[in-house]
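J.: Handing you a structure now.
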Amino acid sequence: MSEYQYYEWQTHERPLTAAEQNAVDALSSHIDVTASQAIVTYNWGDFKHDPLDVLAKYFDAYLYLANWGTRHLAFRFPKGLLDAAAIDATYCDEEFLHIKTIGDVHILEFEMNEDEGFDEWLEERGLLSTLARLRDDILQGDYRALYIGWLKAMSERSEYDDEDEDDPENFFNDPEPPQPAGLKKLTPPLEALIDFLEIDPFLVAAAAERSPNLLPLKEQDFAPLISRLTRQECDDFLLKIVHAEPGAVAALRKRLLSVEQPKPTAQTAPRTIGELLEIAENLGEAEAHRQIEENRKRHIAAMQELAKRETQIWQDVERTLASGYSAANYDHATDLLNQLHQLAEFQGTPAKFDTKLGALVEKYKSRSALGSAQEGSDSLEMS
C-alpha cells in the first residue's frame with residue numbers, strides 16, 4: 001500500500017489577501033490555494049513546513065490525515081479570547097489534546113497517532129468544513145469538544161496503563177473535568193469529532209448521563225447586557241467588528257456573558273475515570289443483550305410466519321425439483337429446504353424433516369446435486 005497524506009487549512013475570520021495566497025501557494029508545488037482554503041496531498045514525500053506555523057500565520061482551522069494511522073485537527077484562536085491556561089489544566093494532556101502559543105495566537109490541537117491504523121478511512125473532502133464549526137462553539141464557551149477530547153485521551157490511556165486499579169494514586173481515580181451542558185444532544189460537528197477520534201459511543205453516553213441541557217445561543221437575551229457596557233466599550237467593539245478584526249464578535253459575546261451573573265447550579269461530585277469506564281462497559285453489555293433479545297424475537301416471529309406456509313413450501317420444493325435439471329432450480333430448492341430445516345430446529349421436529357427430505361432424495365436420487373444434500377440435514381447451510 002502506498003502512503004497517502006492529506007493536509008487542509010481553512011480561514012473563517014477573513015479571506016486571505018492576494019499576497020497571502022501567493023505566499024501559501026509557494027509552500028508546495030502540490031498545493032491548491034483559494035482565498036479561504038489550502039489543500040495539499042502527497043503519495044510520496046512530505047510537506048516541508050510546520051503545518052501549525054502555517055495555521056498560526058494564515059488560517060483558522062487545520063486537518064491532517066495519513067493512511068498509516070495519524071489524524072490531526074487544530075484550531076487557531078487570537079489571544080485574549082480563550083483562557084488557555086485553564087483549558088490546558090482542565091482538559092489537555094501531553095499526547096492527545098494540547099494547547100500552545102505561537103506568536104500572538106493560541107493553537108488547540110487534537111492529535112491521534114495509531115500504529116495499526118484506524119478502523120476505516122474518513123472521507124477527507126468536506127470533513128474540515130464540518131469540524132471547523134467546533135471552533136466557534138469553543139469561542140462561545142461550549143466546551144463539549146474539549147470534554148470529548150479528554151474522554152478519548154483517558155480511553156486510550158486506559159488501554160495501556162498498567163497501574164494497579166486499587167492504588168489510590170493511579171489515574172483511574174482521577175476525577176472528570178467540569179461536565180459541559182448538551183452532551184445528551186450532540187450537533188453534527190460533535191458527532192463528526194467522535195467519528196474522527198473513534199471514541200466508544202458508550203463512553204460518550206456514560207459521560208452524558210449527568211450533562212444538563214444546553215441553552216442555545218439564540219435564546220440568550222443580549223439586549224439588557226449590552227446596556228450595561230460603557231460607551232467606550234461599545235465603541236471599541238463596533239470598530240473591531242466594522243474592521244472585521246478576527247475574533248471581534250466572539251470577544252463581544254464573551255464580554256457580554258461575563259456581565260451576567262451566572263445562575264447557581266446544583267453541584268454533584270465528579271465521577272472518576274474508572275467509574276466512567278465502568279458505566280460505559282455496562283451500557284455496552286446492556287446494548288448487546290438488547291440486540292440478542294431483539295434478534296431472538298425477530299427469529300421467533302419469522303419462524304411462526306414460516307410455519308403457516310410449511311405445507312406450501314414442501315410442495316414448492318417438489319414442484320421445483322420436478323420442473324427440470326437447471327442449476328437455478330436446485331439453488332431455489334436448496335434455499336427452501338434451508339428454511340424448512342430452520343423451522344424443524346425451531347419446532348423440535350428434526351426427525352420429521354429428515355424423513356421428508358429422505359423421501360425426496362429417494363424420489364430424485366438420480367440427481368447428484370440433491371443426493372449430496374442427503375449427507376444429512378446438518379449439511380444444509382443455515383441462513
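Bear in mind these aren't lab numbers, they're just calculated from the coordinates by the rules spelled out. None of the values given here were measured: they were computed from a predicted structure. All Cβ positions, even for glycine, are placed from backbone atoms using ideal geometry, and neighbour counts span all protein chains on display.
J.: Going by the alpha-carbon gyration tensor, a ≥ b ≥ c the square roots of its eigenvalues, is the stretch 43-163 rounded (a/c under 1.5) or, if a/c is not under 1.5, prolate (a/b greater than b/c) versus oblate? Display every interim value, and only then the final one.
T.: Working: a/c = 1.61, a/b = 1.11, b/c = 1.45.
Oblate is the answer for the stretch 43-163, as a/c is 1.5 or above yet b/c matches or exceeds a/b.
J.: Sort Trp314, Trp68, Trp150, Trp9 so the one with the fewest other Cβ atoms within 10 Å of its own Cβ comes first. Kindly include the intermediate steps, with their values, before the conclusion.
T.: Values: Trp314 17, Trp68 14, Trp150 21, Trp9 26.
Ranked by crowding around the Cβ, least crowded first: Trp68, Trp314, Trp150, Trp9.
J.: Might you report the magnitude of the Cβ-based charge dipole of the chain about its Cα centre, with Lys and Arg at +1 and Asp and Glu at -1, to the nearest 20 debye? Write out the running numbers ahead of the final one.
T.: Values: 37 positive and 71 negative charges, 456 e Å.
Dipole about the Cα centre, nearest 20: 2180 debye.
J.: Still on this structure, please answer the following. With a Förster radius of 25 Å, plug the Cβ-Cβ distance of Glu198 and Phe171 into 1/(1 + (r/R0)^6) and report the FRET value to the nearest 0.05.
T.: Values: r = 21 Å, r/R0 = 0.83.
Here the calculated transfer efficiency is 0.75.
J.: Given a cut-off of 22 Å, name the pairs among Lys185/Lys297; Lys308/Lys352; Lys100/Lys185 whose C-alpha atoms lie farther apart than that in the structure shown. Intermediate results must be reported in sequence, preceding the final value.
T.: Values: Lys185/Lys297 30 Å; Lys308/Lys352 17 Å; Lys100/Lys185 30 Å.
Over 22 Å apart, Cα to Cα: Lys185/Lys297; Lys100/Lys185.
J.: Could you tell me which GluC sites (Glu not before Pro) in the stretch 1-77 are loop residues by DSSP with no more than 12 other beta carbons within 10 angstrom of their beta carbon? Working shown, then result.
T.: Values: sites: Glu3, Glu8, Glu13, Glu20; in loops: Glu3, Glu13.
Counting only loop positions with at most 12 other Cβ atoms within 10 Å, the GluC sites (Glu not before Pro) in the stretch 1-77 are Glu3.
J.: Report the GluC sites (Glu not before Pro) located in the stretch 56-140 that are in a DSSP loop and have at most 10 other Cβ atoms inside 10 Å of their Cβ, or state none.
T.: Glu94, Glu116, Glu120, Glu123
J.: Quick check on the exposure proxy: order Thr70, Thr101 from fewest to most C-beta atoms within 10 angstrom. Don't jump to the answer; show the numbers that get you there.
T.: Values: Thr70 16, Thr101 11.
Lowest to highest Cβ neighbour count: Thr101, Thr70.
J.: Let me ask something else. Set the Förster distance to 45 Å, then compute FRET efficiency between Ile241 and Glu95 from the Cβ-Cβ distance, nearest 0.05. Mind dumping the intermediate values first?
T.: Values: r = 38 Å, r/R0 = 0.85.
Computed FRET efficiency for Ile241 and Glu95: 0.75.
J.: What do you get for Rg/Rh over the stretch 241-368 if you use C-alpha atoms and the Kirkwood form of Rh?
T.: On the way: Rg = 32.5 Å, Rh = 21.5 Å.
Taking Rg over the Kirkwood Rh, I get 1.51.
J.: Something else: Which residue, Leu73, Leu193, Leu306, has the most motion in a Gaussian network model of the chain that connects Cα atoms within less than 10 Å?
T.: Leu306
J.: Here is a further query. Which trypsin sites (Lys or Arg not before Pro) from the stretch 2-88 combine a DSSP loop assignment with at most 16 other Cβ atoms within 10 Å? Walk me through the numbers before you get to the answer.
T.: Values: sites: Lys48, Lys57, Arg71, Arg76, Lys79; in loops: Lys48, Lys79.
Sites meeting the loop and neighbour criteria: Lys48, Lys79.
J.: Using a Förster distance of 45 angstrom, determine the FRET efficiency expected from the C-beta separation of Ala26 and Trp68, and round it to 0.05.
T.: On the way: r = 28 Å, r/R0 = 0.62.
Efficiency computed from Cβ-Cβ geometry: 0.95.
J.: Any idea which of Gln140, Ala307, Leu73 is furthest toward the positive side of the dipole for the chain, if Lys and Arg beta-carbons carry +1 and Asp and Glu beta-carbons -1?
T.: Ala307
J.: Mind pulling the angle between the C-alpha long axis of helix 188-197 and the longest principal axis of the chain? Nearest 10 degrees, somewhere in 0 to 90.
T.: Tilt relative to the chain: about 80 degrees.
J.: If amide hydrogens are placed 1.01 Å from N in the peptide plane, which non-local residues have theirs closer than 5 Å to the one on Gln37?
T.: Thr11
J.: Find the relative contact order for the chain and round it to a whole percent, using C-alpha pairs within less than 8 Å whose residues are 6+ positions apart.
T.: 12 percent
J.: Roughly what would the spin-label model give for Gln315 and Lys352, points 7 Å off Cα along C-beta, in nm?
T.: In this crude label model, Gln315 to Lys352 measures out at 1.8 nm.
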